[in-house]
Amino acid sequence: MEIPYTVEARKDTGLYNAKVGIWLFLASEVMLFGALFSSYILLRVGAASGDWPAISLAWPHGLLNIPIGTFNTAVLISSSITVVMAWASLKMHDFGKFKLYMGLTLLCALGFVSIKTYEYHEKFTHYEVRLKDGKIMTGHIQGSPMFWDLKTLADKKITTLDFHPDAAKQAAKAGEAPAAKEHAKHAPIPVGEITYLSSFVPKHHTFFAIYFTLTALHALHVIGGALVMAFLWLPGAKMWKTDPERFTNRVETAGLFWHFVDLVWIFLFPVLYLL
Amino acid sequence: MSDNHSTADLKKHIRTYMLVFLALLVGTAITVGLYYVHFESVALTVSIAMFVASIKSFLVAGFFMHLISEKKAIYAMLLTTAVFFVSLMFLTIWAMHDYPVIKP
């Protein structure tokens, strides 16, 4: 049985069916991300006023790496232009250029996911420590282990935590005296003094919960889109020889999804990194 | 977008795509640049950031996704989506006023 309207437009919609399908899907995606944005707004306005981590229910600021986030935004924007150029190349019957632009798009997708993985790793190795005397510190544990908590310390029979507080970095940036920097650089903490230890994982704070939910869902979309485009780039490209118009339409629908992924990131970036 | 393109038409479109690409990069630079400018009002900061993001999303949807010259069926679909999305955001803003104030 032949699938109808893969190339020619239906009279009632004026569109081939896959295009109607992808737009319906994108409409549902708008509501999915819309619901999560709505959650973000409510969590944000519901946060306590003041500075985190001193006030644990306040909203943290400046925890995400802005230069890296900016670079990743540029990578995703670049992938949007390459995917539209891949489609335009097919429209101009230049299959070689299609292969080039689609390859570049996949490279950008790989770059985006790799950078996001690096950012996640940064968060999983970044800790908040609370001490019995009420002091709260953020920083890194020697060796940059991931996901440690008090139970990990007990299991590993660690008696002193080799901790590098963020205050050291801040002191260095502020140009404080070398002695002050040296003092802040390294802080061995007796485990008995620690009341709470957690890396920046979703359960640590509502900011991280919504950050990981939004960015992981977005990253899944990037990976899904990249898999479809990899198919169109390699085995699926055979269709160009047998049914070029249908293949061009497939690339267009995949491209529409990819642009939507870019569009979501355009809002995610300022909301999570800058505001 | 109309499904019949001449090569000349496409070349014109490609020029537009390149301009949109540059505008998106400039928009990103502006968004990041504004982060380092400290406005007194939080509402103003959020409004400017969302305004720049909206222009960027208009460029992506309008030109890369060809929404500025699409068929009526797609506009009808998106109008329905827009109604539900705006309703959702309206409910969110409405709910914000019922939020308990958390004191540290």
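Laboratory data are not the source of any read-out in this text; all were calculated from the coordinates shown. All figures in this text were calculated on a predicted structure; none of them were measured in a lab. Using ideal geometry, Cβ is built from the backbone for each residue, glycine included, and neighbour counts are taken over all protein chains shown.
Calculated mean residue ellipticity, 222 nm, the protein assembly as shown: -21500 deg cm²/dmol, from DSSP H runs (n ≥ 4) at -39500 (n - 2.57) each, averaged per residue and rounded to 500.
Listed by Cβ neighbour count within 10 Å, with the fewest neighbours leading, A:THR105, A:THR152 appear as A:THR152, A:THR105. Under 16 Å from a label point set 7 Å out along the Cα-to-Cβ vector of A:LEU217, the amide N atoms of segment B:56-89 belong to B:85-86, B:88-89. In the elastic network of chain A, a GNM with C-alpha springs shorter than 10 Å, the most mobile of A:SER198, A:SER80, A:SER114 is A:SER114. Among the DSSP helices (H) of chain A, those spanning at least 20 angstrom by Cα along their long axis with an average Kyte-Doolittle hydropathy of -1.0 or more are A:17-46, A:66-91, A:95-124, A:206-233, A:244-269; this is a geometric and hydropathy rule only. Remark on A:HIS205: its backbone amide H falls under 5 Å from none of the residues 5 or more positions apart or on other chains, H modelled at 1.01 Å from N. Inter-chain Cβ neighbour count for A:113-120, averaged per residue, equals 0 (cutoff 10 Å, partner chain atoms only). Can you give me the Cα centroid spacing of segment B:59-82 and segment A:82-124 in angstrom? Segment B:59-82 and segment A:82-124 have Cα centres separated by 23 Å. Largest first, the extents of the alpha carbon coordinates of chain A on the three principal axes equal 74, 38, 37 Å. Taking the alpha-carbon distance from A:LYS157 and a cut-off under 16 Å, which aspartates and glutamates remain once sequence neighbours fewer than 8 residues away in the same chain are dropped? The qualifying aspartates and glutamates are A:ASP149, A:GLU193.
For segment A:3-96, the square roots of the Cα gyration tensor eigenvalues, ordered a ≥ b ≥ c, give a/c of at least 1.5 with a/b no greater than b/c, which places it in the oblate category. Looking at segment A:229-274, the pairs of alpha carbons with a distance over 14 Å make up 59% of the total.
Comparing A:GLY192, A:PHE269, A:PHE37 along the charge dipole axis of the protein assembly as shown, the residue lying farthest to the positive side is A:PHE269, per the Cβ-charge model.
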